[in-house]
Amino acid sequence: MAAFVTFIRRLPTITLLQKGVFPRHPTCTRTMSGAVPQGVSERLWSLGKLNHVAIAVPNLESATALYRDVMGAKVSEVTPLPEHGVYTVFVELGNTKLELLHPLGEKSPIEGFLKKNAAGGIHHICIEVDNITEAVKQLTSSQIRALNPEPKIGAHGKPVVFLHPKDCNGVLVELEEA
C-alpha cells in the first residue's frame, strides 16, 4: 500500500483525473453516505479543457500565412459562418487551437471589435463543458450573464454560449459543449 501511495503522490493531479483514479466531480461535496450536504448544491456540469483562443484579425490572409508559413503550424481552410458574421481559420497547436476571426458582413461583431482595436487582438477564450444547459442554468443563477442564454451552434458544430465579459474578469468567455 505504501508503494501505491508514493506512486500516487508523484503523479500530477491532471493525470490522476484523466486515468479515472479520482472522480471528475469532487467527492468532498457529499457526505460519507453519498448524500449532498444540506446547503450545498450538487454541480451537474464541469469545466473541461481550453478549446481555443480566438483572435480578431484585420487581414485573414496575412494572419493565416504567419501561423502556417512562418511558424509552421497546421491551419484549416477559411470557413464562412454567416450566422455568426465571421470567417474563421483554425490553427492547430499541440494542446489547443487558435481561432482567427475576420468580419463577414456589415453586422459582424468582429467589425466593431476591429474598429476599436485596429491591429486586432484576443477576442475570446473557449472552454469546454460537459453539459452546457446545466452550466448556463447554474452560471445565470450565480449572476453571470449569458449573451445568448439559448445555445447556438458554433464553428465546431456544437452548442455554444458566450458569457458577458463584465461578469468574467473582463474576458469574453465562450462555453462549448464537449
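Numbers at a glance
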{"item": "Where a residue in segment 157-178 is at pLDDT 95 or above and its partner, wherever it lies, is among the basic types (Lys, Arg) and crowded, with 19+ Cβ neighbours inside 10 Å, with Cβ under 6 Å and at least six apart", "result": "none"}
{"item": "Residues located in segment 98-111, provided they are of a type in the set (D, E, K, R) and surrounded by fewer than 20 Cβ atoms within 10 Å (Cβ to Cβ)", "result": "Glu106, Lys107, Glu111"}
{"item": "Evaluation of Val5 against (1) surrounded by 12 or more Cβ atoms within 10 Å (Cβ to Cβ); (2) part of a helix (DSSP H, G or I); (3) at pLDDT below 95 (one fails), failing number", "result": "(1)"}
{"item": "From Gly170, Gly121, residue being small (Gly, Ala, Ser), surrounded by fewer than 19 Cβ atoms within 10 Å (Cβ to Cβ) and either in contact with a helix residue (DSSP H, G or I) (Cβ under 9 Å, 6 or more places away or on another chain) or within 25 Å of Glu61 (Cα to Cα) (or both)", "result": "Gly121"}
{"item": "Qualifying residue in segment 35-52 (condition: modelled with pLDDT of 95 or more, surrounded by 11 or more Cβ atoms within 10 Å (Cβ to Cβ) and either among the aromatic types (Phe, Trp, Tyr) or in a loop (DSSP other than H, G, I, E, B) (or both))", "result": "no"}
{"item": "Residues that are exposed (fewer than 15 other Cβ atoms within 10 Å of the Cβ) and either of a type in the set (Asp, Glu) or farther than 23 Å from Gly112 by Cβ (or both), drawn from segment 69-94", "result": "Asp69, Val70, Met71, Gly72, Lys74, Glu77, Glu83, Glu92, Leu93, Gly94"}
{"item": "Among the residues listed as Glu92, Glu77, the single one being in contact with a strand residue (DSSP E or B) (Cβ under 7 Å, 6 or more places away or on another chain) and more than 20 Å from Phe162 (Cα to Cα)", "result": "Glu92"}
{"item": "Qualifying residue in segment 145-158 (condition: among the β-branched types (Val, Ile, Thr) and crowded, with 19+ Cβ neighbours inside 10 Å)", "result": "no"}
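The values are calculated or read from the model by the stated rules, or taken from the named source; none is laboratory data. Since we're looking at a predicted model, the values are computed, not measured. So basically every Cβ, Gly included, is an ideal-geometry build from the backbone, and we count neighbours across all protein chains shown.
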